[in-house]
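S.K.: Take this structure, written in structure tokens, and hold onto it; I'll ask about it next.
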Amino acid sequence: MRYPSLAFPEEWSGFYDPLGGFLRVEDCVRRHAELAQKHGAKLYTGETMLSWRREGAGVVVETERRRLLATRLVLATGAWAVPELCRLGVAACVVRKVLLWYQGRGVEQYARGAFPCFFIADGEQYFYGFPAEAPWGLKLAEHNVSHDPVDDPLQLDRALTDGDQPCVLDFLARFFPALQPELSKYAVCMYSLTPDKNFVLDVHPECPAVVLG
């Protein structure tokens, strides 16, 4: 067996991709910003966009600090895009999701270089994760569409609740038996979901100068 520290039923089958991996999102975003600036972009951070509207052949964006005029606008606003998508007939929703990191005895068997990224479908439950790295260890999360909707992104409950870990700990006990998990870190994020679970990337039907993503 390629990864003896991973336990699953003998009748199961899996797919191994030797080219599979993961991206460090924060580094990617930082690099994108650097490249954009090298090509003349101006970045405005730490301020809230209040509104946008079509004006002539362009678009006006109002923030809490300034008014910006552009010929094209790309809106990639995550959970804040849902009201506009719903208005346009896309029944999107936002749900609360928890990412968990574990250290503990046996974690070295799941370290990067010895263990891959993974996605495991267990009946109606889906889990994904990344190999353990210092200082936080093994990172994983449940991928199921939760029944924990977020009505207001600004009111998201970012505290860890009693219901956030049991299914993950049960998953670890069954599939990662060499690990004695000790929670080292957690993060609460938001999933923006469309009815078919696919991405939205399209021109705004009412304003061709705007792209929704």
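S.K.: Suppose the filter is over 22 Å from the mean Cα position of the chain (by Cα) and basic (Lys, Arg); does Lys38 pass it?
M.R.: yes
S.K.: Cβ-Cβ below 6 Å, separation at least six or inter-chain, first residue in the range 70-95 and within 15 Å of Pro149 (Cβ to Cβ), second surrounded by 12 or more Cβ atoms within 10 Å (Cβ to Cβ) and among the charged types (D, E, K, R): which pairs?
M.R.: Qualifying pairs under 6 Å: Val95/Asp148.
S.K.: Tell me, please, whether a residue that is farther than 28 Å from Ser13 by Cβ and assigned by TED's automatic domain parsing to the domain that holds Arg174 can be found in the range 105-120.
M.R.: Yes, that holds for at least one residue.
S.K.: Kindly establish whether Gly78 is under 22 Å from the mean Cα position of the chain (by Cα) and on the phi > 0 side of the Ramachandran plot.
M.R.: Taking the combined requirement at face value, the residue satisfies it.
S.K.: A further question follows. Within the range 135-145, track down each residue that is exposed (fewer than 15 other Cβ atoms within 10 Å of the Cβ) and either outside the structural domain of Val98 (by TED's automatic domain parsing) or at pLDDT below 95 (or both).
M.R.: Of everything in the range 135-145, those that are exposed (fewer than 15 other Cβ atoms within 10 Å of the Cβ) and either outside the structural domain of Val98 (by TED's automatic domain parsing) or at pLDDT below 95 (or both) turn out to be Asn144, Val145.
S.K.: Tell me which of these Asp157 doesn't satisfy, since it passes every other one: (1) farther than 30 Å from Glu55 by Cβ; (2) surrounded by 13 or more Cβ atoms within 10 Å (Cβ to Cβ); (3) in contact (Cβ under 8 Å) with a residue 60 or more places away in the chain.
M.R.: Result: Asp157 passes all but (2).
S.K.: Here's something else I'd like to know. Looking only at the range 149-186, which residues are more than 16 Å from Ala132 (Cα to Cα) and either within 16 Å of the chain's Cα centre (by Cα) or of a type in the set (Lys, Arg) (or both)?
M.R.: Pro149, Val150, Pro153, Leu156, Arg158, Arg174
S.K.: Just name the residue that is nearest to the chain's Cα centre (by Cα) out of those in the range 195-213 that are loosely packed, with under 15 Cβ neighbours inside 10 Å and not in a loop (DSSP other than H, G, I, E, B).
M.R.: Among those residues, the one meeting the criterion is Asp202.
S.K.: Taking Glu124 as meeting all but one of (1) closer than 23 Å to Asp17 by Cβ; (2) among the charged types (D, E, K, R); (3) at pLDDT below 95, write down the number of the exception.
M.R.: (1)
S.K.: Can I ask one more? What strands (runs of 3 or more DSSP E) completely inside the range 36-115 contain at least 3 residues that are surrounded by 16 or more Cβ atoms within 10 Å (Cβ to Cβ)?
M.R.: 93-103
S.K.: Let me ask you something else. In the range 82-91, is there at least one residue being under 16 Å from the mean Cα position of the chain (by Cα) and closer than 25 Å to Ala159 by Cβ?
M.R.: The answer is yes; a qualifying residue exists.
S.K.: Name the single residue, out of those in the range 116-139 being farther than 19 Å from Lys185 by Cα and part of a strand (DSSP E or B), that is farthest from the chain's Cα centre (by Cα).
M.R.: Taking the candidates together, the pick is Asp122.
Every residue, every condition in (1) basic (Lys, Arg); (2) touching an Asp or Glu at 6+ places or on another chain (Cβ under 7 Å); (3) under 30 Å from Leu88 (Cβ atoms), yes or no:
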site: Leu160; (1), (2), (3): no, no, no
site: Phe176; (1), (2), (3): no, no, no
site: Glu182; (1), (2), (3): no, no, no
site: Lys197; (1), (2), (3): yes, no, yes
site: Glu206; (1), (2), (3): no, no, yes
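S.K.: Quick check on the range 180-194. Is at least one of its residues in a loop (DSSP other than H, G, I, E, B) and modelled with pLDDT of 95 or more?
M.R.: yes
The values are calculated or read from the model by the stated rules, or taken from the named source; none is laboratory data. Note that the structure is a prediction, hence the values are computed from the model and not measured. Note that we place each Cβ from the backbone using ideal geometry, even for glycine, and neighbour counts take in every protein chain shown.
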